[in-house]
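The values are calculated or read from the model by the stated rules, or taken from the named source; none is laboratory data. Owing to the predicted nature of the structure, the values given are computational and were not obtained by experimental measurement. For neighbour counting, all protein chains shown are included, and Cβ atoms are generated from backbone atoms with ideal geometry for every residue, glycine included. The accessibility values were calculated without ligands, DNA or RNA, using every heavy atom of the protein model including side chains. Shrake-Rupley method; radii C 1.70, N 1.55, O 1.52, S 1.80 Å.
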Amino acid sequence: MPTQLEQSVNLAWVLLCGFLVMFMQVGFAMVETGFTRSRNAANTMAMNLVIYPVGVLGFWLVGYGIMYGGMPEWPTLGGPVAGSHEAALRLLGRSYGLFGTAKFALVSVSQSPASLGMFLFAVVFMDTAATIPTGAMAERWKFTAFMIYGVFMSMLLYPVYGNWVWGGGWLASLGANAGLGHGVVDFAGSSVVHMTGGITALAGVLVLGPRLGKYRADGTVGAMLGHNLPMAVVGTLILAFGWFGFNAGSTLSASDPRIALVAVNTMLSSSAGALSALLYVRFSFRKPDVGMTCNGLLGGLVAITAGCAFVSPAAAVLIGVVAGVVVVWAVALLERRLHIDDPVGAIAVHAACGCWGALAVGVFADGSYGAGWNGVSGPVRGLLFGDPGQLGAQLVGVLVNGAFVFSASYGFFRLLERLMGNRVPAEVEHAGLDGLEMGTDAYPRG
Amino acid sequence: MPTQLEQSVNLAWVLLCGFLVMFMQVGFAMVETGFTRSRNAANTMAMNLVIYPVGVLGFWLVGYGIMYGGMPEWPTLGGPVAGSHEAALRLLGRSYGLFGTAKFALVSVSQSPASLGMFLFAVVFMDTAATIPTGAMAERWKFTAFMIYGVFMSMLLYPVYGNWVWGGGWLASLGANAGLGHGVVDFAGSSVVHMTGGITALAGVLVLGPRLGKYRADGTVGAMLGHNLPMAVVGTLILAFGWFGFNAGSTLSASDPRIALVAVNTMLSSSAGALSALLYVRFSFRKPDVGMTCNGLLGGLVAITAGCAFVSPAAAVLIGVVAGVVVVWAVALLERRLHIDDPVGAIAVHAACGCWGALAVGVFADGSYGAGWNGVSGPVRGLLFGDPGQLGAQLVGVLVNGAFVFSASYGFFRLLERLMGNRVPAEVEHAGLDGLEMGTDAYPRG
Amino acid sequence: MPTQLEQSVNLAWVLLCGFLVMFMQVGFAMVETGFTRSRNAANTMAMNLVIYPVGVLGFWLVGYGIMYGGMPEWPTLGGPVAGSHEAALRLLGRSYGLFGTAKFALVSVSQSPASLGMFLFAVVFMDTAATIPTGAMAERWKFTAFMIYGVFMSMLLYPVYGNWVWGGGWLASLGANAGLGHGVVDFAGSSVVHMTGGITALAGVLVLGPRLGKYRADGTVGAMLGHNLPMAVVGTLILAFGWFGFNAGSTLSASDPRIALVAVNTMLSSSAGALSALLYVRFSFRKPDVGMTCNGLLGGLVAITAGCAFVSPAAAVLIGVVAGVVVVWAVALLERRLHIDDPVGAIAVHAACGCWGALAVGVFADGSYGAGWNGVSGPVRGLLFGDPGQLGAQLVGVLVNGAFVFSASYGFFRLLERLMGNRVPAEVEHAGLDGLEMGTDAYPRG
C-alpha cells in the first residue's frame, strides 16, 4: 500500500500529464487547420474546438461507464504496479464482458480522487481519438453531422474497443485466457487511441468521398494545398510536447521509474520518424517536404506509443525510422492509388503507424518491463526476445480494431447518411464551409 | 507539520501550476488579437505582452505587500489545510485591516521558498485580472494610458480587493465576525480575479466610449469583425489548458487530494459552457457561432473558478450551462441595448460569469470540503445544502466587488482622462493604432 | 541517500521541466518566423522543425557521450546536492579531460532512470543552443548546409564546451585547481547554452554575409521587416513560459527548495528586461518598439539564466534592466556599425546578454547558495560579496567561450563553404527560399 504522499505524487503526475494531453487539442487544431484551405479554416478550427466539449460531456455521461464501469474502482494511485488499470486486471485475472455498465456521470465515484484523476486522464485520450477524423474529413463535413459523430465516438465507439484492451476486456485477457503472451499490450494507445481514430477517419472518408476537384475527369489529382504551413508546423511541435504527457503519464504513477525511458523513447522515435520521412522524400524527389516531415514526426510518435515502456532506445529509433517510411507510403497509397482523400494525412499517421506501433510491441519488447501485466506472470517479451505469442496477441488486437472499428463506424456514417446526410451541398463546398456553413470567415477583412 | 518532502512536492505543484497560469497570457493575447481588426493587431498583442512585465514589477514592488503584507508569513506549503492562506486565517480568525503594509519588493521574505512560491502564484493571478481590460478597451486605447493603468491595477486596485478576500480582509471574515456562512469564499478567483478584471474593463469602456463606426447615426450597429478567428480559437483552448493550473493549483498543495475534483469540475463546466452557448445561438439563429462558443467555454471556466473545490461534477455541469447562456445574454445586452462596445466580450465573460460563479458557491457548495475555512468550523455549504448565510456572504462579496472596483477604476480612468486622455485621436483610430501609435504594422509586406 | 519517493519526485520534476524546455522550440519557431519575411516563412519554420530531430539523434549517438561520458553515472536524482552534476564534481574534485568518450547511443545507461532523465534534460538544452543560429542566419541559408550544421552542433561543438563547464571539465575545475572562486559557475546556461548558440550564429552570419538588399550601394540600410509581429510576440511569451522549466529544472531536483527563488528571479529579470528595452527605445525614438520589447524580455531571460539560483530578487531586476539596454545597444551596433545582418536579433539576445549574465554571477552572487559547488567549499560569492576570484573565473569562461566557439564554428562554416557552399543562389534569395529551396509556399492560395 503506497503512502499518502506517494499517492498524492502519483495523482499530481496523472493530472499534470492529463493537462498536457488536453493541450494536444491545440496541436491537432493547428495541424488540421494549417493543412486545409483558408475558406474552410473557421470550420476546421470549430470542429477541433467543439469536439472537446462534446466528447467530454459524452464520455462523462456514458462513455467512461462503458469503458471502465466493469472494473473495480481504483482505491489509490500507487506505485509501478498497484493502481494502474493493469493492476486491477492482475488481481482479478478475468474478463469483464463486452462493456461496462456502471459509473455513468461519475455517480458513486465522485468522492474518490484516484477515480477522478483517472477519469480526467481517460477523457483526454478519448478526445485525442475523437479529433482525428476531423482532419481527414475536413473541407466537406456537415457541422451537425460532425457533432452527432462526436456523441457516437465519445459515448460508444471509443469506449467499447477501449474496454476490450484497457477496461479488463477480452483482448486484454487473451494471455490469461488463451495463452497469447500477455494478451493485447498497448501501453499508451497506438491502437486503442490512434488506430481507432484513424480507422474511423477512413470509414468516414469512404462515406463522404473526396473533395470536389481532388480527382479530376482527366485523371489528374488536384494539389489542394493547405493555407498555412507555419501553423501546421507549430501544431506538430505542440503535439510532440503534449505527447510526453500522453506516454509518460500512462504509467499512472510518477513512482514508476519507467517514466524516464518512456519519455526518452518518445523523443527518439519522433525524431527518427521526422528524419526518416524527410530524407526518404528528399532522396526520392530532391526537395525536403515540410508537411511530410511533420507527418513523419507524428508517425514516429504514434508508433512508439504502444511500446514506449517496453523497448530499448535503439529499438525506439528503429520503430520511428520505419514509421517515417510507412507514413510516406501510406499517404501515396491512399491519395494516388486508392483515391481516398485525406487532406491532412490523418489516416496514414494514425491508422497505419498505429497499426505498426501495436505490432512492434510484439517484436521489440525486451523483457525488462511489464511483469504481471494483464494477469500473466513474467515481463512482456516480443518475438525477438523469445515470445512469438505476444506478436500473435498484438496481431489479433489490430485485426479486431480494424474489423470492429471500421464496421461500426462505417455503419454509423451510412446510417447518418440516410437520416440526414454527412456532406455539405456542392455550392457550400465550392464557396468554402466558413461562409455558408459557419456563418463567418476565418480571416474577415475590415 | 508536513515533512520536508511533502513541502517540496507542494512547492513544486504551486510552481508548475503557476507556470501554467503564466502561459494563459498567451491565450489572452491570441483571443484578444484574433477578435480585433488587423490594423490594431500589433497594438493588441503589445498590450498583452507589456501588461506582464508592468504587472510583475508593480506587484513585486507594491502590490504583493498590499495584498498579503498584513498576514503572517507562510512558513511551509503543507497539506490540505496547513500552509494555505485560509490556514493562516483559521489560525488567527480576524481581519488584518483594509490592506497590508509589509513585504514590499519581497524584502524580508526572499529567503523563504514557500513565500517565494506564493508570490509567483499570486503574481500570475494579478496578471490575469490586469490583462482582461486590454481586450474590452482594445482598438482605441492610448498606449501610454494603458501602461499607467497597468501600474494602477497591479499596485493598488487588484491587491486591495484581493486583500479583502484572500489576504485576511474583512470580506473573508464575514463568517467569523458577522455570522454569514464562512465569509466570502472564492476558491480560485471568479470574483477576486475575473470580476475585478471585468468590472475594471466596464469602467474603462464607459470612459473610452465605443469604437468609431460601431454605433452609426442611422441606428445600425457595425459588425467590426475580428481579423483572425483561428487565432482566437487557439487562444481559447490555451486558456482552457492553463486554467487547470489556475484552479487545481489553488489548493496550494498537491497533497490535498481535492486537486482531482477541481480539475474534473473545471473541465466539465468549460465543456458545458461551450455547448450551452453553441446550442443556444444555433437554435436562436440557425448557425453555430464559433466566437460565441469560445466565449461560452471561457464563461464556463470563469464561473466554476470560485466553486470548483466545493461542488459536485453534476453541479459543475449545471454552472457551466448557465454560464453559457449568461455570456450570450450579456453580450447582447451590452452590445445591443446598452451600446457598451467590448470588441472581445471580456465584460460578459469575466464580469457577468464571474459574478454568477461567485454566487453559485453560495448555492451549490455541498458540504464535502472547506472545514474550518476562513476560521469558521464545519465545511462550506450553499443554499441547497442548508446554509443560506453562505449565499448572503457571496452576495455581499459581489456587491462590494461591483461597487468598489467600479468606482475606484472609473475614478482612475476619469482622472487620467483629465490629465492626459485615454483615447487615441480619431485619425489614429481610423488608420489603425499599429502605424501611428505603435510605429509598425502587425503584418508588414515585403 | 534520498528515499525512493524523493528520487521519483525529482525525476518527475526533471522530466516535466525538460518537457517545458522542449516546448521552447515552438517559441523559437514563432519568434524567428514572425521576424522574417513571408517568402521565407516555410524555410524558417522548417529549420526550427528539423533542428529538433537532427539534434536529438546527433546528441543521442555522439554528443551526450562527449559532454557527459567522462563522468561517473548518476545513480539517483537526489536532494539539493546529491544527484546534481555538481555533486559528482564535488565528490571527485578533478577534471575529466577535454571531452568524454563513453555512453554513446545510451549504451550501458539505458536501464538507469536517473541517467535517462538527465539525458532528456540535456538534449533539450542542446536543442536550445542549436536552434539559435537558425534565426540569425535565416532568409539565405541553404537547407542542406543547415542540416549538416545541425549534426556538427549536436555531436561536437555544443558538447565540448558543455563538457568543460557541466561535464566535469577544466573550466568547472578552475576553482579547485587554480583557485578562481568556484570555477566557472553557470547555473542554467547563459554561457553554455545561449552564448554558445549566439557566438555560433555570429560566426555563421559572418561567413554567410548580409541578406541581399540589406546594405545598399547608397549606404542606406534596408528595413526588411518581419511578416508577422503577433506570431513573434506569441513566440516570445511561449519562451518566457518554457524558460521556467529551463531555469527551475536546473536544480535537477524538486527537493531543492531553491526552485522557488529561481522561478521568481526568472520572472523578475525577464520583466525588467522587457520594460527596460521598451522605455529606453521609447524615450530615444518616441515610439514603443514591440519587437525590441520582445528582445528585451528574452535578453532578461538569457541574462538571469546563469545566476538565477545565486542572486537576490533585487539583483535579478537589475540584471534584467541592464540586459534590456544591452540588447538595444547590441542590435544597433551589429546592424548599423558592423553591418552584421541578424534578422531576428539572436546574436544580441543570446551572445551579448549571455555574456553579461555569465559575468553577473561573478558580481551579484550573494553567498546564500552553492556550498561545495564544483568541489570548492563555501557558497558562491561575487565581487560585491567578497570574492573577486569568482568574477575572474566567469571572465575566463566567457573569453574561452568566445574564442573557442567562434573559431570552431567559423572554421566549420568556412570548410563547408569550400565543400558545398552555405548560401542559396541570389535568384533563390530574391524569390524567397520557400518556393525554390523548400518546394512550397508558407501560405498557399486556393
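Some points to look at:
- Backbone HN-Hα couplings from phi across the stretch C:337-346 [Karplus 6.51/-1.76/1.60, Hz, Gly and Pro as x]: 7, 8, 6, 9, 9, 10, x, 10, x, 5
- FRET efficiency, 1/(1 + (r/R0)^6) with R0 56 Å, evaluated for B:ALA102 and B:GLU427 via beta carbons: 0.70
- Gyration tensor verdict on the stretch A:99-142 (Cα atoms; rounded if a/c is under 1.5, prolate if a/b is larger than b/c, oblate otherwise): prolate
- Close amide H contacts of B:TYR215 (hydrogens built in the peptide plane, cut-off under 5 Å, sequence separation of 5 or more or a different chain): B:GLY222.
- Max mean-square fluctuation residue, GNM over chain A, Cα-Cα springs under 10 Å, options A:ALA277, A:ALA306, A:ALA114: A:ALA114
- Annotation: amide H of B:GLY181 within the under-5 Å range of B:GLY389, B:GLN390, sequence separation 5 or more or interchain, hydrogens built in the peptide plane.
- Peptides C:208-214, A:247-253 ordered by packing proxy, namely the average of other Cβ atoms within 10 Å per residue, highest first: A:247-253, C:208-214.
- Shielding by partners - mean other protein chain Cβ count within 10 Å, residues of A:40-48: 4
- For C:ARG423, distant residues with modelled amide H under 5 Å away: C:LYS142
- Normalising the average separation of contacting C-alpha pairs (under 8 angstrom, six or more residues apart) by the number of residues puts the relative contact order of chain B at 24 percent.
- Distances between copies at B:LEU156, taken between label points 7 Å from Cα along the C-beta direction, are 6.2, 6.2 nm in increasing order.
- For the stretch B:141-156, backbone phi angles converted through the Karplus equation (6.51, -1.76, 1.60; θ = phi - 60°) give residue-by-residue couplings of 8, 5, 5, 5, 4, 4, 5, 5, 4, x, 5, 4, 5, 7, 8, 10 Hz, Gly and Pro being listed as x.
- Environment charge at B:MET231 (Cβ cut-off 14 Å; Lys +1, Arg +1, Asp -1, Glu -1): -1
- Reciprocal mean inverse distance between Cα atoms of chain B - Kirkwood radius, Å: 21.6
- Over 30 Å apart at the Cα level, from the set B:LYS214/B:LYS287; C:LYS214/C:LYS287; A:LYS142/A:LYS214; A:LYS214/C:LYS142, are A:LYS214/C:LYS142.
- Copy-to-copy label separations for B:SER284, where each label sits 7 Å from Cα toward Cβ, in nm and ascending: 5.2, 5.2
- Label zone at A:THR3 (point 7 Å along Cα-to-Cβ), backbone N below 13 Å, the stretch B:1-37: B:2-9
- Per-residue ellipticity at 222 nm from helix content only, as computed over chain B with -39500 (n - 2.57) for each DSSP H run of at least four residues, stands at -18500 deg cm²/dmol.
- D_trans [Stokes-Einstein, Kirkwood Rh over alpha-carbon pairs] for the protein assembly as shown, 37 °C, 0.692 mPa s, µm² s⁻¹: 107
- Solvent-accessible surface ranking, highest first, for A:MET155, A:MET71 at 1.4 angstrom: A:MET155, A:MET71
- Peptide A:18-31 shows a mean partner chain C-beta count of 5 within 10 Å per residue C-beta.
- 3J(HN,Hα) along the stretch B:436-441, derived from phi through the Karplus expression 6.51 cos²θ - 1.76 cosθ + 1.60 where θ = phi - 60°, amounts to 8, 8, 9, x, 7, 8 Hz, with x in place of Gly and Pro.
- Residue mean of other protein chain beta carbons inside 10 Å, C:241-248: 3
- Inter-centroid distance (Cα atoms) of the stretch A:32-54 relative to the stretch B:335-413, Å: 34
- Placing a label point 7 Å from Cα along the Cα-to-Cβ axis, A:ALA223 is separated from the same position in the other copies by 3.1, 3.1 nm, shortest listed first.
- Solvent exposure, largest accessible area first (probe 1.4 Å, DNA, RNA and ligands not counted), of C:HIS430, B:HIS227: C:HIS430, B:HIS227
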